[in-house]
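These notes are about the structure you will find just below.
The values are calculated or read from the model by the stated rules, or taken from the named source; none is laboratory data. Since we're looking at a predicted model, the values are computed, not measured. Methodologically, a virtual Cβ is constructed for each residue, glycine included, from the backbone with ideal geometry; neighbour enumeration extends over all protein chains shown.
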Amino acid sequence: MGTVVIKAGHVQPVWAGHPWVFAQAVERVEGGAVAGDDVEVKDPRGNSLGRGLYSPGSAIPVRIYTRDRERPVDGALLGERIARAAERRHAFALPSEDTTAFRLVHAEGDDLPGLIVDRLGDALSIQIGTVGIKLREDAVFAALERFGARAIVDRTPERLAKSEGFAPRSGVIRGDETLDAFEFKERGLVFRVPLELGQKTGFYLDQRPLRARVEALAHGRRVLDTFTYVGALALSAARGGATTVEAVDNSALAIEVGAECAALNGLETKVHFERGDAHEALAHAGRQGGLDLVICDPPKLAPSRAGRGRALEAMRRLAGHGARATKPGGLFVLCSCSAAIGMGELTRALALGARDVGARATVLERHTQGADHPVPAAFPEGLYLSSVIAAIDVA
């Protein structure tokens, strides 16, 4: 077994439970470790810090799986972790009669770095994020097949796979090859999302708590939902009693699917889907005097901390457009799915963006990812989703 020795001064986070060993923290690699190997991590004095899977050339060369130096990272360990992840979801009533879509495995949050598994009705959608998991995928599939899914669908991004040195197998890789769409329920709302719609694993499960809150707040309000994707927030607002709901996205396919989902739920007359640019939609709403409830949930603006500065400026501009699109006394929902833009940064961008357009924002509520997206206490990067609900008034 190869060994990765950490430099002095870089031990404390790993010792405290952080699952990543960054490249700049590595002093040396011993034992001829190659890509995907199970390696031991040690401090400069030779004390064991655990075992993990090796990704040479990555900014994160080791992701730790166990603190037990005697426990190999093998099929038995992976199967136990997947079973434990399912038990955690059961404790939060997932799945239920009304909700058949949830994150079954949340990578580091379930001590399975490099593996994401979403349950979407009778299918499982996976993303493999490391070469180590790729080499052990048969053991992963064997563990997942115990859940009786109709099919397992690989949604690993090609760019991610390439960075780890393997080729992804897209589409159905186990089970019913005729599967052409994910069909599931969330809080009683029915969705059908075709496989060719390529956003992440197929659906944004992490915003379930926010969707429930938007539904509770929407009654009697005129709503604009930008970056709507397939309209999960828009449908929630419509079911909550919004007087009008405008749902905007720049993907023609997403808009088409969203309209179909609205019809599946009997909401086709309550939600108007339109293909368009979110900034233009917000500007138009502002020129019309603003709406009662405006939602901006953009895609990731900061893929890494290197792009954090530009992302913060983009978020500030978006916040300004959103604040102007919200009538005085209305509610504005602003979200970030970038770990590099946490709650503090998001709130500051909101304050500055509102000020830029002569408005004042007062944060009423803060929301983050649901319980099926757990985060180790020692892993702040895992808390990537931040959302605020703010009241907008004239400055």
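Evaluate the range 222-239: report whether one residue or more is out of contact with any strand residue (DSSP E or B) (no Cβ under 8 Å at 6 or more places or on another chain), of a type outside the set (Phe, Trp, Tyr) and touching a residue at least 12 places away in the same chain (Cβ under 8 Å).
no
Do we have residue 331 as surrounded by 20 or more Cβ atoms within 10 Å (Cβ to Cβ), in a helix (DSSP H, G or I), of a type outside the set (Asp, Glu) and modelled with pLDDT of 95 or more here?
Working: surrounded by 20 or more Cβ atoms within 10 Å (Cβ to Cβ): yes; in a helix (DSSP H, G or I): no; of a type outside the set (Asp, Glu): yes; modelled with pLDDT of 95 or more: yes.
Against the criterion (surrounded by 20 or more Cβ atoms within 10 Å (Cβ to Cβ), in a helix (DSSP H, G or I), of a type outside the set (Asp, Glu) and modelled with pLDDT of 95 or more), residue 331 does not qualify.
Quick one: would you say residue 246 is more than 30 Å from residue 172 (Cβ to Cβ), over 20 Å from the mean Cα position of the chain (by Cα) and not β-branched (Val, Ile, Thr)? Break it down into steps so the answer makes sense when it comes.
On the way: more than 30 Å from residue 172 (Cβ to Cβ): yes; over 20 Å from the mean Cα position of the chain (by Cα): yes; not β-branched (Val, Ile, Thr): yes.
Criteria met by residue 246.
Does residue 233 qualify as being in the same structural domain as residue 389 (by TED's automatic domain parsing) and closer than 21 Å to residue 276 by Cβ?
Taking the combined requirement at face value, the residue satisfies it.
Please enumerate the residues belonging to the range 194-251 that are closer than 27 Å to residue 104 by Cα, among the β-branched types (Val, Ile, Thr) and outside any helix (DSSP H, G or I).
Hits for the range 194-251 are 201, 228, 230.
Can you tell me which residue among 337, 261, 296 is touching an Asp or Glu at 6+ places or on another chain (Cβ under 8 Å) and hydrophobic (A, V, I, L, M, F, W, C)?
337
Against the condition among the aliphatic types (A, V, I, L, M) and under 19 Å from residue 204 (Cβ atoms), how does residue 112 come out, does it pass? Give the derivation first.
Details: among the aliphatic types (A, V, I, L, M): yes; under 19 Å from residue 204 (Cβ atoms): no.
No, not satisfied.
Quick one: which residue in 263, 259, 254 is within 21 Å of residue 181 (Cα to Cα), over 24 Å from the mean Cα position of the chain (by Cα) and in a helix (DSSP H, G or I)?
Details: 259 fails: over 24 Å from the mean Cα position of the chain (by Cα); 254 fails: over 24 Å from the mean Cα position of the chain (by Cα).
After applying the criteria, what remains is 263.
Look through 236, 251 and report the one residue that is within 25 Å of residue 198 (Cα to Cα) and in contact with an Asp or Glu (Cβ under 7 Å, 6 or more places away or on another chain).
236
Sort out for me the strands (runs of 3 or more DSSP E) sitting completely within the range 16-57 that have 2 or more residues that are in contact (Cβ under 8 Å) with a residue 12 or more places away in the chain, in contact with a Ser or Thr (Cβ under 9 Å, 6 or more places away or on another chain) and surrounded by fewer than 19 Cβ atoms within 10 Å (Cβ to Cβ).
Here the list reads 26-30.
Please find, among 136, 169, the residue that is more than 18 Å from residue 204 (Cα to Cα) and without any contact (Cβ under 8 Å) to a residue 40 or more places away in the chain.
Result of the check over 136, 169: 169.
Step by step: first the residues of the range 346-389, then only those that are of a type in the set (Asp, Glu) and modelled with pLDDT of 95 or more, then the one that is surrounded by the most Cβ atoms within 10 Å (Cβ to Cβ). Which residue is that?
Looking only at the range 346-389, we keep the residues that are of a type in the set (Asp, Glu), and these are 356, 365, 372, 381.
Those left that are additionally modelled with pLDDT of 95 or more: 356, 365, 372.
Numbers: 356: 15, 365: 13, 372: 24.
Looking at the filtered set, the residue picked out is 372.
Looking only at the range 208-227, count every residue that is more than 20 Å from residue 250 (Cα to Cα) and either buried (at least 20 other Cβ atoms within 10 Å of the Cβ) or not small (Gly, Ala, Ser) (or both) and tell me the total. Walk me through how you get there before you give the answer.
First pass over the range 208-227, keeping only residues more than 20 Å from residue 250 (Cα to Cα): 208-222.
Subsequent filtering for residues that are either buried (at least 20 other Cβ atoms within 10 Å of the Cβ) or not small (Gly, Ala, Ser) (or both) retains 208-211, 213-215, 217-219, 221-222.
The total comes to 12.
Which residues, counting only those in the range 112-133, are outside any strand (DSSP E or B) and closer than 22 Å to residue 163 by Cα?
112, 113, 114, 129, 130, 131, 132, 133 - these are the residues of the range 112-133 that are outside any strand (DSSP E or B) and closer than 22 Å to residue 163 by Cα.
Just the residues that are surrounded by fewer than 21 Cβ atoms within 10 Å (Cβ to Cβ), touching a Lys or Arg at 6+ places or on another chain (Cβ under 8 Å) and under 23 Å from residue 366 (Cβ atoms), please, taken from the range 276-300.
Passing the criteria: only 292.
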